[in-house]
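What follows is a single structure, written as structure tokens, with notes after it.
Rule-based calculations on the coordinates, nothing more; no lab input. It should be emphasised that the depicted structure is a prediction, and the values quoted were computed from it without experimental measurement. Here the Cβ positions follow ideal geometry from the backbone for every residue, glycine too, while neighbour counts run over all protein chains shown.
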Ligand SMILES: NC(=O)C1=CN([C@@H]2O[C@H](COP(=O)(O)OP(=O)(O)OC[C@H]3O[C@@H](n4cnc5c(N)ncnc54)[C@H](O)[C@@H]3O)[C@@H](O)[C@H]2O)[C@@H](O)CC1
Ligand SMILES: [K+]
């Protein structure tokens, strides 16, 4: 059993692959072996979470997830805990393995409780696992509600009940801990998954994934990029930030500052507000230029960043010429609105010019011609669809940012928190990605590395210090 920490990457498997892995293992092992292992692992983790717990409520559901809970309850009772077991369903209708777990529970002298306990020290959520097929209703919904009302730690078995294991969509039990069994599922790490799952643990039940290919990866830390002694500013590439329409100069400045601090050799700032060009940006290292004078074919360009509608006039030049390109915010909205810009964007890949799009869910919805809820209902699919449609790398922002590229499994970023929900952090990310592109990183790696570090900076931000985008930019690359 391992805690899933962002110190390495982890393969993720969807429900279909997990079922195939489970079936192959069931065929090779004596009956009931997997559920015994699952129940024992759950009971052990429960003890580790709440070593001094006296009363533990195990809320079981009608499938094999409930069976895991019944098996865990038998162990916890044998270890001297008061195990209060409820079952939302008919014991006679349990699937074979779960029924066997129920029989073992009764042989151990335990029976089902008619109602949840008024108080307990730990709840175990064994209502639904990967079989969750529709919103929680009836007895399952009542048990989930009671769990929330207890106000104690909740250990979810496999998946917080109600959460869609592939997508992270669905109204789910909010667990403090989740023990994923057999495989790690992508829904634990994106959309509502991170809030529902809490701290994630993983037990493979001694079953290797075998020939199954992961559907996605949980990203690990990027490789360090050591700077050679024998290098100069030209070794790290040049970035230009184009954005900052009237009233929004700050956005472009934040992106430029991030690019500078993330290690770009030289950074040009091309504000779209002519008045802003006369303002001292406070960063003397930046080189102010009019966008039309930039040497685009030798630059990594971050375009958008407070560019307003004016950015649409720049894109017909930037899209075909920029050596590498990050499109953010207003640039994405302009592309979503104009078919000619979409054609220019797609044409970049035919010329092997790297491009990264950094939409939040609403921008992604506009680019896909769909709605924000539809994007959020399946973030991995939305990011992959965008990457395929525009033939580029997509960084779909939000809880569990997804990085997708055509023809490869997407990555889900494990770092970052709601502390990043403050103005300008997206501009910082765009500038940071541009710096890594300028450095020569492939677009997928640049997106993944910048997103990981950007989130990690926020995770490590001192508790008493306000996280503002300017300070984040100043620590980019750190
Ligand atoms: N078969 C085994 O021995 C193993 C099973 N495992 C556990 O079994 C789980 C999968 O078991 P199942 O396939 O039985 O699936 P679940 O236990 O998730 O439940 C599926 C059952 O719930 C019903 N259901 C789904 N959504 C519902 C809703 N909203 N309201 C009411 N009923 C609903 C389904 O019709 C089905 O009867 C895994 O998540 C894992 O916890 C693992 O421990 C591996 C080993
Ligand atoms: K569960």
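A few comments on the model shown:
- Rounded D (µm²/s) - the chain, Kirkwood Rh over Cα pairs, Stokes-Einstein at 4 °C, 1.567 mPa s: 54
- Dimensionless Rg over Rh [segment 233-474; C-alpha; Kirkwood]: 0.94
- Length available on full extension from residue 421 to residue 465: 0.36 nm per residue minus the Cα-Cα distance, which gives 14.3 nm.
- Spacing of the modelled spin labels on residue 19 and residue 232, each 7 Å from Cα toward Cβ, amounts to 6.2 nm.
- Length released on extending from residue 137 to residue 5, taking residue separation times 0.36 nm less the Cα-Cα span: 44.2 nm
- Shown for 287, 147: other C-beta atoms within 10 Å of each C-beta, ranked fewest to most, produce the order 287, 147.
- Using alpha-carbon coordinates, inclination of helix 96-107 to the longest axis of the chain, degrees: 50
- Residue 223-residue 79 FRET efficiency (beta carbon distance; Förster radius 45 Å; 0.05 resolution): 0.55
- Entry note, the chain: the mean residue ellipticity at 222 nm calculated from DSSP H runs of n ≥ 4, each adding -39500 (n - 2.57), is -12000 deg cm²/dmol after division by the residues and rounding to the nearest 500.
- You can think of it this way: the chain between residue 171 and residue 119 has 16.3 nm of extra reach, that is 0.36 nm per residue less the Cα-Cα gap.
- Reducing segment 372-437 and segment 126-146 to their Cα centroids gives an inter-centroid distance of 30 Å.
- Largest-first ellipsoid semi-axes for segment 251-367, taking √(5λ) over the Cα gyration tensor eigenvalues, angstrom: 23, 16, 13
- Angle in degrees between helix 379-390 and the longest Cα principal axis of the chain, rounded to the nearest 10: 30
- Amide N proximity, segment 177-206 versus residue 26 label position 7 Å along Cα-to-Cβ, cut-off under 17 Å: 181-183, 205-206
- Counting only alpha carbon atoms, the long axis of helix 64-78 and the longest principal axis of the chain meet at about 60°.
- Once the Cα gyration tensor of segment 15-108 is diagonalised, semi-axes √(5λ) in Å: 23, 15, 12
- Rounded FRET efficiency, nearest 0.05, which uses the C-beta distance separating residue 195 from residue 92 and R0 of 41 Å: 0.70
- Ascending count of other beta-carbon atoms within 10 Å, so fewest first, for 248, 35: 248, 35
- Hull volume per residue, based on the alpha-carbon atoms of segment 2-216 and their convex hull, is 111 Å³.
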